[in-house]
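Chemist: Just dropping this structure here.
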Amino acid sequence: MRTLLPSALLALLLATQPLHAREQVSTLSVPPSGVLGVGEAQLTPAFWIGLQPQPDRVILSRQQIEAQNAKLFAQDKSMHELAKLPASLSATQVRGWIEDLADPPSKPLYDVDGKPVPQRALRKIVDARALDAIPASQKTRFGLVVRRAALRTFPTTLRVFSHPGDTDIDRFQETAEFPGTPVVIAHATRDGRWLFVVSPRYAAWTEAKNIAEGSRDAVLGYADKTPYRIVTGAKVYTVYTREAPAVSQVELDMGTRVPVLTDLAADQAVNGQTPYAAHVIELPVRKADGSLAFSPALIQKNADTASDYLPLTARNLITQAFKFLGERYGWGHAYDGRDCSGFVSDVYRSMGVQMPRNTSTQGVSPAFARHAFSDASSHEERLQAAHALQLGDLVYIPGHVMMSLGQWQGQPWMIHDVLGMSYRKADGSTARVTLNAVSVTPLLPMLYGKDSTFIDHMTSNVRMRP
């Protein structure tokens, strides 16, 4: 029998498979990393920018973005417009926020060492919410986040996992909020060490040390101060200062907006240092009694910041997304990073676009133009939609979101914060690649389970377009 060349063998294999199965077998090259079709060139923003016919064309103007943001807060129930909350909160409202976040754990959970977390320990954590101490009515209190703050399902720093040895996805980690984020302080544990806070796009528990309480006007007015700087790098840090530890080396993630102080003399030292080579910004700090104050801080002028939100263009979408390339996946913004929905929302936030926090709400938000899929959607309809994806489109499957880099080599490509990828090899076996980072991948070959692909499970595609 004549030995078939690899290309002929692949052709024979494809010819004997049904159409759906053929699409799962990729002809893309397999580099040493195992990530199909991705070489060094595809790991640079310049490659993808070069594919864009008009990389600097504005996709959404500032006015269009502001209108979309207003629509988001008006129509999306996952968002909270703090300025429109009543002057007092009822027990029903507060209890609803807390109980809507999560039910008490009903399945076994394991600690970081793989040991079962005792039920009595879990009951103690749940009881610490002190639901019986919620007053019938309370004045609405406001605060500002003063450091990168983990928001938790329950008032505890205990990390818990669904399976022994699986220490990446902490089931009590919800998200993180960045310095300067306004919150409503809705409740506290009996010892006062934890606060239940409501931010513009989340409601969860955080340690009290992360929040400084201030007046409504001071808190809500902070975000409106001008001039300001927008953090456009993956993260930047304020300059070290021993004179003002509260604002020393503060981490500011992409999209964070901070006011710039302009009333200081150019030759006046700030925190023991000349400010002439830095931007003098204003950050919230927490005083010893938990109240809000403000302090000057410095960001080096060579740090990755801008005087305004970046224009929403193809070039900026690609450039901003690639600033996270290779960052470790961090469920709920853990590991000083971010997860898939955090990744796409932080990229868009650097251009002024606000988004809900989680994939479950992003992919169905009434504020966005979207193509929704149902169980009745055919494979052909989904495939056609995949081939129509444009740069910046967001592709949602259950529990995951990807950002489209556009079309190349006749198929759509993605950048996303993803745990791993699987695909069908020419011999019919399955290759599995651990990624656990922001990565570039093709979309079509990626398997979802054993016999279906990511596109078979698309729930919606969202397009940030007029």
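The values are calculated or read from the model by the stated rules, or taken from the named source; none is laboratory data. Everything numeric here is computed off the predicted structure, so don't read it as measured data. Cβ placement follows ideal geometry from the backbone for every residue including glycine, while neighbour counts extend to all protein chains displayed. Note: areas computed on protein heavy atoms with side chains; ligands, DNA, RNA excluded. Shrake-Rupley method; radii C 1.70, N 1.55, O 1.52, S 1.80 Å.
Chemist: Placing +1 on the Cβ of each Lys and Arg and -1 on the Cβ of each Asp and Glu in the chain, which of V440, S404, S374 has its Cα farthest towards the positive end of the resulting dipole?
Modeler: Most positive-ward Cα: S374.
Chemist: With the cut-off at 23 Å, report for the stretch 111-233 the share of all Cα pairs above it, as a whole percent. Spell out each step's value before the answer.
Modeler: Values: 2956 of 7503 pairs.
Percentage above 23 Å: 39.
Chemist: Given a 1.4 Å probe and every protein chain left where it sits, what share in percent of the accessible area of the chain is carbon and sulfur?
Modeler: Details: 11050 of 21030 Å².
It is 53 percent, rounded to a whole number.
Chemist: Oh, and also: Using θ = phi - 60° and the Karplus form 6.51 cos²θ - 1.76 cosθ + 1.60, what ³J(HN,Hα) does each residue of the stretch 322-336 get, whole Hz, x for Gly and Pro?
Modeler: So the J values, rounded to whole Hz, are 6, 5, 9, 3, x, 5, 4, 4, x, 3, x, 6, 6, 6, 6.
Chemist: Related question: At 7 Å along the Cα-to-beta-carbon direction for both K71 and S248, put a label point, then send me their distance in nm to one decimal.
Modeler: Between K71 and S248, the label points sit 4.8 nm apart.
Chemist: Moving on. Which order do the peptides 345-357, 98-110 come out in when sorted by mean C-beta neighbours inside 10 angstrom, highest first? Intermediate results must be reported in sequence, preceding the final value.
Modeler: Numbers: 345-357: 23.8, 98-110: 13.6.
Ranking, from highest mean packing down: 345-357, 98-110.
Chemist: For A130 and A277, compute 0.36 nm times the residue count separating them, minus their Cα-Cα distance, and round to one decimal in nm. Numbers along the way, then the final one.
Modeler: Values: separation 147, 0.36 × 147 = 52.92 nm, distance 4.91 nm.
Difference between extended and current length: 48.0 nm.
Chemist: Figure the gain on full extension for A288 and R62 (residue separation times 0.36 nm, minus the Cα-Cα span) and round it to one decimal in nm.
Modeler: Details: separation 226, 0.36 × 226 = 81.36 nm, distance 4.00 nm.
Value of the extension gain: 77.4 nm.
Chemist: Dipole of the chain, Cα-centred, from +1 at each Lys and Arg C-beta and -1 at each Asp and Glu C-beta, to the nearest 20 debye? Could you put the intermediate results ahead of the total?
Modeler: On the way: 48 positive and 44 negative charges, 65 e Å.
That gives a dipole near 300 debye.
Chemist: Note the angle between two axes, namely the Cα long axis of helix 62-75 and the longest principal axis of the Cα atoms of the chain, as a number of degrees from 0 to 90, rounded to the nearest 10.
Modeler: Here the helix axis deviates by roughly 80 degrees.
Chemist: Given the peptides 431-444, 172-185, arrange them by the average over their residues of other C-beta atoms within 10 Å, most packed first. Show your work: numbers first, answer last.
Modeler: On the way: 431-444: 18.4, 172-185: 23.7.
Sorting 431-444, 172-185 by mean packing, highest first, produces 172-185, 431-444.
Chemist: Evaluate the distance, in nm, between pseudo-label points positioned 7 Å from the Cα of S452 and of T262 along their respective Cα→Cβ axes.
Modeler: Modelled inter-label distance: 5.6 nm.
Chemist: Next question, about the same structure. Straight-line reach from K124: which lysines have Cα under 27 Å away, leaving out those fewer than 8 places along the same chain?
Modeler: List returned: K107, K115, K209.
Chemist: Just want the answer: with Cβ charges of +1 for Lys and Arg and -1 for Asp and Glu, which residue in Q68, Y276, Y335 is farthest toward the dipole's positive end in the chain?
Modeler: Among Q68, Y276, Y335, the one farthest towards the positive end of the dipole of the chain is Y335.
Chemist: Related question: Taking a cut-off of 25 Å between Cα atoms, list the lysines near K450, but don't count ones fewer than 8 places away on the same chain.
Modeler: The qualifying lysines are K425.
Chemist: If you don't mind, there's one more thing I want to ask. Restricting to DSSP H runs of at least four residues, report the calculated mean residue ellipticity at 222 nm for the chain, -39500 (n - 2.57) per run over all residues, nearest 500 deg cm²/dmol. Walk me through the numbers before you get to the answer.
Modeler: Working: 11 runs with 94 residues, N = 466.
When only DSSP H runs of four or more count, the value is -5500 deg cm²/dmol.
Chemist: Run the reach check for K301 against aspartates and glutamates, Cα to Cα strictly under 19 Å, same-chain hits fewer than 8 apart removed. What comes back?
Modeler: Straight-distance partners of K301: E251, D253, D263, D267, E282.
Chemist: Along the Cα→Cβ direction, 7 angstrom out, place labels at L419 and D103. What is the inter-label distance in nm?
Modeler: With each label placed 7 Å out from Cα toward Cβ, I get 2.2 nm.
Chemist: Relative to the longest principal axis of the C-alpha atoms of the chain, give the angle of the C-alpha long axis of helix 340-349, reported between 0 and 90° and rounded to the nearest 10°.
Modeler: Taking the Cα atoms of the chain, the angle to 340-349 is about 60 degrees.
Chemist: Right, here's the next one. Pick out, in residue order, every one of the GluC sites (Glu not before Pro) in the stretch 199-259 that is DSSP loop and has at most 15 other C-beta atoms within 10 Å; say none if there are none. Show your work: numbers first, answer last.
Modeler: Numbers: sites: E207, E213, E243, E251; in loops: E243.
Loop-located and lightly packed - E243.
Chemist: Relative to the first principal axis of the alpha-carbon coordinates of the chain, what is the inclination of helix 6-15, with its axis defined by its Cα atoms, in degrees from 0 to 90 and to the nearest 10?
Modeler: Approximately 90 degrees, to the nearest ten.
Chemist: Sort 58-67, 373-382, 296-305 by packing, meaning the average of other beta carbons within 10 Å per residue, with the highest value first.
Modeler: Working: 58-67: 15.2, 373-382: 11.9, 296-305: 18.1.
Put in order of decreasing packing, that is 296-305, 58-67, 373-382.
Chemist: Once R0 is set to 35 Å, what does the formula 1/(1 + (r/R0)^6) return for the Cβ-Cβ distance between A369 and V112, expressed as a FRET efficiency to the nearest 0.05? All intermediate terms of the calculation are to be shown ahead of the outcome.
Modeler: On the way: r = 42 Å, r/R0 = 1.20.
FRET efficiency, A369 to V112: 0.25.
Chemist: What does the accessible area per residue of the stretch 333-466 come to in Å², with a 1.4 Å probe and no ligands, DNA or RNA counted? Don't skip to the answer; put the middle values down first.
Modeler: Details: 4430 Å² over 134 residues.
Accessible area per residue: 33 Å².
Chemist: Please work out how much length the chain gains when fully extended from L158 to A426, using 0.36 nm per residue of separation minus the C-alpha to C-alpha distance, in nm with one decimal. Each step should come with its number before you reach the end.
Modeler: Values: separation 268, 0.36 × 268 = 96.48 nm, distance 4.49 nm.
Result for the pair: 92.0 nm of gain on full extension.
Chemist: Looking at (i) 1.00; (ii) 1.02; (iii) 1.05, which value of Rg/Rh (Cα atoms, Kirkwood Rh) comes from a calculation on the structure shown?
Modeler: The value computed from this structure is option (i).
Chemist: In the stretch 317-353, whose amide N lies under 19 Å from the spot 7 Å out along Cα-to-Cβ of A46? List them in ranges.
Modeler: Correct set: 317-326.
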